[in-house]
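Structure record follows, encoded as structure tokens.
Derivation of every value follows stated rules applied to the coordinates shown; laboratory data play no part. This structure is a prediction, so every number in the text was calculated from the model and none was measured. Counting neighbours? That spans all protein chains shown, and the Cβs are built from the backbone with ideal geometry, glycine included.
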């Protein structure tokens, strides 16, 4: 029995693995001495994290609340700006000549990371949480705008065609067909983006834009690793709390999954 020839998928996988190994070697990830040193440093670092210190708790609690405020306000402002732009970017409503430029704008906004947007607003507004909230809002605009226009274009075309056929204009189509049909997806995407923004807000302080990130950076620079662990645990608790709250909202508002799904 003749040996089977490798399939195209196998060849592609082998090539991808070879390229990854070459890049790992170029990045130093296969250097035995460097890996050994990294392991030793990690052991020392982890040992100095424990036990977490309770001393900075009052300050960190205030910073955690500020982080939540940055994420919430940024998400709300980003959603308010993203919704009309997402409608304009929906080809089934406004066609390619309007949707194309708006999509390009959203892509341009989305290309800039939230942390870099925060730097821009720190320059404009000065240090503080306002810059962080606006940085989150700008990134939310680009990211959520894309998610929303994809949800709008996913609305059943038969529903859209039926509304067009009775002589409705674009505003009526959006109000009575697209938004109601996509309402569940809008809420789901909004909750997802808020969860993401809580995580993103935790490092806004790295550039002076408020939140718990300011203290994370300070503890790292001052080698106060026990305080750092306390701040990280508070951040983790906030993220888990938001994840739980979001899941509860989904269960209460969104339709239940079909049995057996």
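Order these by the 10 Å Cβ neighbour count, fewest first: 59, 64, 235. Numbers along the way, then the final one.
Details: 59 13, 64 20, 235 23.
Ordered by Cβ neighbours within 10 Å, fewest first: 59, 64, 235.
Label points 7 Å out from Cα along the Cβ direction at residue 18 and residue 98: separation in nm?
That separation, rounded to one decimal, is 5.2 nm.
Need one number: nm distance between label points at residue 65 and residue 41, each 7 Å from Cα along Cα→Cβ, rounded to one decimal.
Roughly 3.8 nm, to one decimal.
Running a GNM on the chain with Cα contacts under 10 Å, which residue among 134, 233, 190 ends up with the highest mean-square fluctuation?
233
So how tilted is helix 183-201 from the main axis of the chain? Cα-based, degrees 0 to 90, rounded to 10.
Around 20 degrees separate the two axes.
Between rounded, prolate and oblate, where does segment 106-261 land on the alpha carbon gyration tensor, with a ≥ b ≥ c its root eigenvalues, rounded for a/c under 1.5, else prolate if a/b exceeds b/c? Write down the numbers at each step before the final one.
On the way: a/c = 4.03, a/b = 1.84, b/c = 2.19.
Oblate shape, in that a/c is at least 1.5 and b/c is the bigger or equal ratio.
Relative to the longest principal Cα axis of the chain, at what angle does helix 225-253 sit, 0 to 90 degrees, rounded to 10?
Between helix and principal axis, roughly 20 degrees.
Beta carbons within 10 angstrom, averaged per residue: use that to sort the peptides 160-172, 84-96, highest first. Working shown, then result.
Details: 160-172: 12.6, 84-96: 19.1.
So the order, starting with the most tightly packed, is 84-96, 160-172.
Taking other Cβ within 10 Å of each residue's Cβ, how do 122, 65, 44 sort, fewest first? Mind dumping the intermediate values first?
Values: 122 21, 65 13, 44 10.
In order of increasing Cβ crowding within 10 Å: 44, 65, 122.
Against the longest alpha carbon principal axis of the chain, how many degrees, from 0 to 90 and to the nearest 10, is the axis of helix 32-49 turned?
Taking Cα atoms only, the helix is inclined about 90 degrees.
Per DSSP helix of 4 or more residues, -39500 (n - 2.57); summed, then divided by the residues of the chain. What does that give at 222 nm, rounded to the nearest 500? The partial results should precede the final answer.
Numbers: 11 runs with 197 residues, N = 261.
One gets -25500 deg cm²/dmol as the mean residue ellipticity at 222 nm.
If I compute mean projected area of the Cα convex hull in nm² from the structure I just sent, which labelled value in (1) 16.7; (2) 23.5; (3) 13.8 lines up?
From the options (1) 16.7; (2) 23.5; (3) 13.8, the structure gives (2).
Would you please give the FRET efficiency between residue 9 and residue 30, computed as 1/(1 + (r/R0)^6) with r the Cβ-Cβ distance and R0 = 35 Å, to the nearest 0.05?
Numbers: r = 26 Å, r/R0 = 0.74.
Efficiency at R0 = 35 Å is approximately 0.85.
So how do 157, 215 line up by other beta-carbon neighbours within 10 Å, fewest first? Mind showing how you got there, number by number?
Values: 157 10, 215 22.
With the sparsest Cβ surroundings first, the list reads 157, 215.
Considering only C-alpha atoms, what is the centroid distance from segment 104-136 to segment 212-229, in Å?
So the two Cα centres are separated by 23 Å.
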